[in-house]
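Step one of this worksheet: look at the structure below.
The values are calculated or read from the model by the stated rules, or taken from the named source; none is laboratory data. None of these values were measured; they are calculated from a predicted model. Every residue, glycine among them, receives a Cβ derived from its backbone with ideal geometry; neighbour counts consider all protein chains shown. Side chains included, ligands, DNA and RNA excluded: accessible areas come from the protein's heavy atoms. Shrake-Rupley method; radii C 1.70, N 1.55, O 1.52, S 1.80 Å.
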Amino acid sequence: MAKININELPENILLELFTHVPARQLLLRCRPVCSLWRDLIDLVTLWKRKCLRDGFITRDWDQPVADWKIFYFLRSLQRNLLRNPCAEEDMASWRIDSNGGHHWKVESLPGDHGADFPDPKVKKYFVTSFEMCLKSQLVDLKAEGYWEELMDTVRPDIVVKDWFAARADCGCTYHLRVQLASADYIVLASFEPPPVTIEQWSDATWKEVSHTFSDYPPGVRHILFQHGGQDTQFWAGWYGPRVTNSSIIISYKPARNPAPAPPRPERLRRGTEDSPSLFPLRFHRP
């Protein structure tokens, strides 16, 4: 039986074969083989098929997508970039920046004088004390699979969410800060809402705070997430804000505007004796 060259196969058969090849291998190993493979791998049809096969879209998908290849990669990478967001592993993966009062603690929902969380899958939360408690994570985007060109050219949305609540019998103040930083930790964009104070004898319901970074300057390589707070009664124990189910998710957005001019660079703030920072981050290069 005579051997057949793979390029003699009908193009629709080659496309079907390519749908089963990992995306990175398609671009790094297959695309450079020949002009036929390059042209087939660049077809919108191939990336639509891969999206459908991997469950990223349904057959009745009708939302506009500007670049199906980028859409596929972003969907395949999409996940919560914060580790241990719901305290299932105690304090693992979190850097303790401030550990005042009786320190951070993990408790089970709903907790004393607390309320049920909206998502029943969330079972635990972190709780603060009578002096400032802050914890943080530093996300290295390259290590998570988001390469430089993707972040600088596509600039996908970066969606940050956090949940917090007070005990019904004690007031508290909640803090959040999120920063997008360059490879050498220069701040390029930030979200730092005013602290939220909840008065004593609240209903203890869980509240969500959310922010989407869009059209940020190029050069983002790290995401800094920090939250916490303290109670307002100065009671011994763990009466400060409770936090859980925090998330950072990078998602695809079809429409893009030109990148704005980068603001004047600012170094990540660190607390000093002369000018103490409420958020004394001390990040080190890996």
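Whose amide H sits under 5 Å from the amide H of residue 101, counting only residues 5 or more places off or on another chain, with H placed in the peptide plane?
Sorted by chain and number, the residues that satisfy this are 131.
Which of the peptides 220-229, 79-88 is most tightly packed, and how do the rest follow, going by the mean number of other Cβ atoms within 10 Å of each residue?
Peptide ranking by packing, descending: 220-229, 79-88.
Calculate how steeply helix 44-53 sits against the longest principal axis of the alpha-carbon atoms of the chain, using the helix alpha-carbon long axis, and give the answer as 0 to 90 degrees to the nearest 10.
Long axis of 44-53 versus the principal axis of the chain: about 60 degrees.
Two decimals, Cα atoms only, Kirkwood Rh: what is Rg/Rh over region 175-222?
Reported Rg/Rh (Cα atoms, Kirkwood Rh): 1.15.
Test of understanding: what is the full-extension gain from residue 43 to residue 121, defined as 0.36 nm times their sequence separation minus their Cα-Cα distance?
Gain on extension, residue 43 to residue 121, equals 24.0 nm.
Which cross-chain or sequence-distant (5 or more) residues have an amide H under 5 Å from the amide H of residue 170, H modelled 1.01 Å from N in plane?
201, 202
With everything on Cα atoms, drop me the angle between helix 68-77 and the longest principal axis of the chain, reported from 0 to 90° to the nearest 10.
With both axes taken from Cα atoms, the answer is about 40 degrees.
Report, in deg cm²/dmol and to the nearest 500, the calculated mean residue ellipticity at 222 nm for the chain, where each DSSP H run with n ≥ 4 adds -39500 (n - 2.57) and the sum is divided by the residue count.
For the chain, the value works out to -3500 deg cm²/dmol.
For region 194-258 and region 23-88, what is the separation of their Cα centres, given in Å?
30
Along each of the three principal axes of the Cα atoms of the chain, give the extent in whole Å, ordering the values from largest to smallest.
Principal extents (largest minus smallest coordinate, Cα): 84, 43, 32 Å.
Order the peptides 109-120, 91-102 from the highest to the lowest mean number of other Cβ atoms within 10 Å of their residues.
Final packing ranking: 91-102, 109-120.
Step through the table entries 48/142; 50/135; 48/207, compare each Cα-Cα distance with 32 Å, and write down the pairs that go over it.
Listed pairs above 32 Å: 50/135; 48/207.
What residue among 58, 19, 244 has the largest mean-square fluctuation in a Gaussian network model of the chain, using Cα springs under 10 Å?
Taking springs between Cα atoms under 10 Å, the residue moving most is 58.
Mind giving me the FRET efficiency for residue 157 and residue 208? R0 is 22 Å, r the Cβ-Cβ distance, nearest 0.05 is fine.
Approximately 0.80, to the nearest 0.05.
Residue 199 versus residue 89, label points 7 Å from Cα toward the beta carbon: distance in nm?
Distance between label points: 4.1 nm.
Given a 1.4 Å probe and every protein chain left where it sits, what share in percent of the accessible area of the chain is carbon and sulfur?
Carbon plus sulfur share of accessible area: 52 percent.
Bin by bin, in steps of 10 Å, what percent of the Cα pairs in region 8-77 do you find, going until the bin that has the longest distance?
Pair shares across the bins are 20, 56, 23, 2.
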